[in-house]
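Here is the structure we will look at, set down as structure tokens.
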Protein chains: 2
Amino acid sequence: MDLREFRVFLAIAERGSLSGAARRLRVSQPAVSQTVAALEQQVGVELLERSSTGVRLTEAGVVLAGEARAVLARYEQALSAVGRFALSADTRLRVGVPLELPPGLLPSAFAALAGSHPRTRTEVRHLTSAAQLDALRDGDLELGLLRSHPMDSDFDAMLVVEEPLGVLLSASDQRSDSAGVRLEKLAGLDWLAFARADSPPWFDEVNAVLRSHGVDPGPAVPPGQFLIAEVKFAAVSSGQAFAFAPRDWSQPLPAGVLWTPLVGSPLIRRTWATWPADSRRRDLAALIAHLDPLDPPAA
Amino acid sequence: MDLREFRVFLAIAERGSLSGAARRLRVSQPAVSQTVAALEQQVGVELLERSSTGVRLTEAGVVLAGEARAVLARYEQALSAVGRFALSADTRLRVGVPLELPPGLLPSAFAALAGSHPRTRTEVRHLTSAAQLDALRDGDLELGLLRSHPMDSDFDAMLVVEEPLGVLLSASDQRSDSAGVRLEKLAGLDWLAFARADSPPWFDEVNAVLRSHGVDPGPAVPPGQFLIAEVKFAAVSSGQAFAFAPRDWSQPLPAGVLWTPLVGSPLIRRTWATWPADSRRRDLAALIAHLDPLDPPAA
DNA sequence: GGGGGCCGATAAGGAGGGCTTATGGCGGAC
DNA sequence: GTCCGCCATAAGCCCTCCTTATCGGCCCCC
């Protein structure tokens, strides 16, 4: 008697497999299996032809998929119909973001949000992970993008991005080969770091990896102070230092600085969307859905 | 995220009160209160103006009520769209009924069922309560109308009718006054009974009530043997016996026989719709819904 | 004007649906 | 032949939603 079954069934129909639908819906495969079985029993018809390679919709399944889409669309319409009565105090959506987010991530999510919730105005605030957590707790932020899982039951979190980090090195550096550079080869260079207080768990992870590969972290950086790109580039091109960076760097590298992958990808920078667990805002939920890497808006 | 909230909200809208909706939905009043509160939080708008006399829809509530009706209608349409693929083996619905059901109950429910499930063919079988239970257990019946609650977790049951019984007495009988007849005045007459085995709990209840009022039950009747109305009438008009009967007797009484209410309504004959708890048949569910005295099809 | 009755809100406890992990059978790919 | 990915099933747990119990507010009626 509910729309959950329709959503699951549509995920199956679009992915062509129960396992795929389970991944997309972020639930386990048996949950999907049980749900669609219950749906089939309710309507009294087989909806799927199972095989060991996946599933195909039966004739009845094709019909129901169309119907289910219509029902869900009508449901969304119903909710948005009363949305215009909603208090306007809620239409500001404040999002905290760290430096160096994959280009395109926020613009596409915001664009999708503008379509479904045209009255929501998004505000972006560049903040460190620690500052975002504080702001979320104080109600000064509706959504954060953190460099570590909040580890706090007051918050829900979803992994949004995983970026294997490479390093920025001087173009004249000889440490790398065609496969990239080995982390231990970086011993002797300074790491262009950030302050531990800005994101302790992530800082500690990087430090632990560096130490285990015999690399000493460079000089400490005061909290809240970031090295702007030009400063990093200057230090790197001098051959004295290196910096970590994802492959998809948002700006062009100057001559004299090269990005090189790390052999074995020992460092993966993760970004978690984080929001108060008790939030019921629908525009927030929609934005989160659009950030979901397993539920691409393109689908 | 589901239709349950819509159903609850519509029940509120139609009844104009949370308590009324709760009765109609057969849940407690706090359940309704919580559900609609959750719905309001989701849409971010007050849907109801509460008062101590009931509730009224707000402007947003009126809009949502219309939308919710549309969504539910679309949902029903989706389920019935695949219904035509359902196996045809399921289209026979066998219903067991006792003697002396309120006139109109089954015809109106069957008519409503024919509208929503035109492919379902209903079959009525006159059976005693005990025989119906056996048939339900054997899969020979989809629905029973019993004179007692099945008291068995294999079955679900819903109270369908409550009939305060009066008595059929000879027109020349002097025992009654304007308020009716007192049960203890019937001592000395024979009760035109039915066999205990046909419906033990109900038989025992009647017997206990009779005995506590000093009335001796009359001669036993063999199981499965019912006295046809004409025989009852003959025995009653002779002045030797009485029979219990509801006010809404299905056939006209002959001259010489009068129906008289019992002072204090010491006997209330209840009829329970009873079906296998594991049944998922949608046509059965629809028929049960149409039998629901708290959810009149007229609404 | 005070008490009873009905309204809806809230708190606290319990049952069940839906999730999880663990495991098994099956078929295709290498 | 072995391995891997598919889906189904089993058993256990958690969270949602229900329950009962209780409260404050308002109306009505005496």
Exercise. Using label points projected 7 Å from each Cα along Cα→Cβ, tell me how many nm separate A:Ala70 and A:Trp259, to one decimal.
Key: 4.8 nm
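What number results when the radius of gyration of region B:163-269, computed over Cα atoms, is divided by 2.2 N^0.38 Å?
Values: Rg = 12.8 Å, N = 107, 2.2 N^0.38 = 13.0 Å.
So region B:163-269 has a normalised radius of gyration of 0.99.
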Self-check item: Pairwise burial B:A, computed as accessible area of each alone minus the pair, summed, 1.4 Å, Å²
Solution: 3000 Å²
Quiz item: Most mobile of A:Val82, A:Val181, A:Val161 per a Gaussian network model of chain A (Cα springs, under 10 Å)?
Solution: A:Val82
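Heavy-atom accessible area per residue, region B:128-285, 1.4 Å probe: how many Å²? Walk me through the numbers before you get to the answer.
Numbers: 7510 Å² over 158 residues.
On a per-residue basis, region B:128-285 sits at 48 Å².
Excluding A:Asn207 itself, calculate the net charge of residues whose Cβ lies under 13 Å from the Cβ of A:Asn207, where each Lys or Arg counts +1 and each Asp or Glu counts -1.
Numbers: positive: A:Arg196, A:Arg211; negative: A:Asp204, A:Glu205, A:Asp216.
So the environment of A:Asn207 carries a net charge of -1.
Expressed as a whole percentage, what fraction of the accessible surface of the protein assembly as shown belongs to carbon and sulfur atoms when a 1.4 Å probe is rolled over the protein heavy atoms? Write down the numbers at each step before the final one.
On the way: 15230 of 28670 Å².
Reported share for carbon and sulfur atoms: 53 percent.
Using the scaling law 2.2 N^0.38 Å as the reference, what is the normalised Cα Rg of the protein assembly as shown?
Details: Rg = 36.2 Å, N = 598, 2.2 N^0.38 = 25.0 Å.
Here the answer is 1.45, to two decimals.
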Quiz item: Using the alpha-carbon centroid of each, what span in Å lies between region B:139-197 and region A:20-76?
Solution: 49 Å
Self-check item: Cα-projected label distance for A:Arg121 with B:Val231, points at 7 Å along beta-carbon direction, nm
Solution: 8.6 nm
Quiz item: Which residues of region A:38-81 bury at least 40 Å² of accessible area once all protein chains are present, versus their chain alone (1.4 Å probe)?
Solution: A:Gln41, A:Gln42, A:Val43, A:Val45, A:Val63, A:Glu67, A:Val71, A:Arg74, A:Tyr75, A:Ala78, A:Leu79
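Return the ratio Rg/(2.2 N^0.38 Å) for region B:61-121, where Rg is computed over Cα atoms only.
1.54
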Practice problem: Specify the residue with the greatest mean-square fluctuation among B:Pro98, B:Pro164, B:Pro118, computed from a Gaussian network of chain B linking alpha-carbon atoms under 10 Å apart. | Solution: B:Pro118
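Per residue, what volume in Å³ does the Cα convex hull of region B:3-83 take up? All intermediate terms of the calculation are to be shown ahead of the outcome.
On the way: hull volume 7.1 nm³, N = 81.
Per-residue hull volume (Cα only) is 88 Å³.
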Quiz item: What accessible surface, in Å², does a 1.4 Å probe find on A:Arg56, ignoring ligands, DNA and RNA and rounding to the nearest 10?
Solution: 150 Å²
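Given a 1.4 angstrom probe, what's the average accessible area per residue across region B:3-83, in square angstrom?
Details: 3550 Å² over 81 residues.
That works out to 44 Å² for each residue.
Evaluate the Kirkwood expression for the hydrodynamic radius of chain A, namely the inverse of the mean inverse distance over all pairs of different C-alpha atoms, and round to one decimal in Å. Walk me through the numbers on the way to the answer.
Details: mean 1/r = 0.0452 Å⁻¹.
This gives a value of 22.1 Å.
The values are calculated or read from the model by the stated rules, or taken from the named source; none is laboratory data. The shown structure was predicted, so the numbers you read here are calculated from the model rather than taken from an experiment. Ideal geometry is used to build each Cβ from the backbone, glycine not excepted, and the neighbour counts take in all protein chains shown. Accessible surface areas use protein heavy atoms only, side chains included; no ligands, DNA or RNA. Shrake-Rupley method; radii C 1.70, N 1.55, O 1.52, S 1.80 Å.
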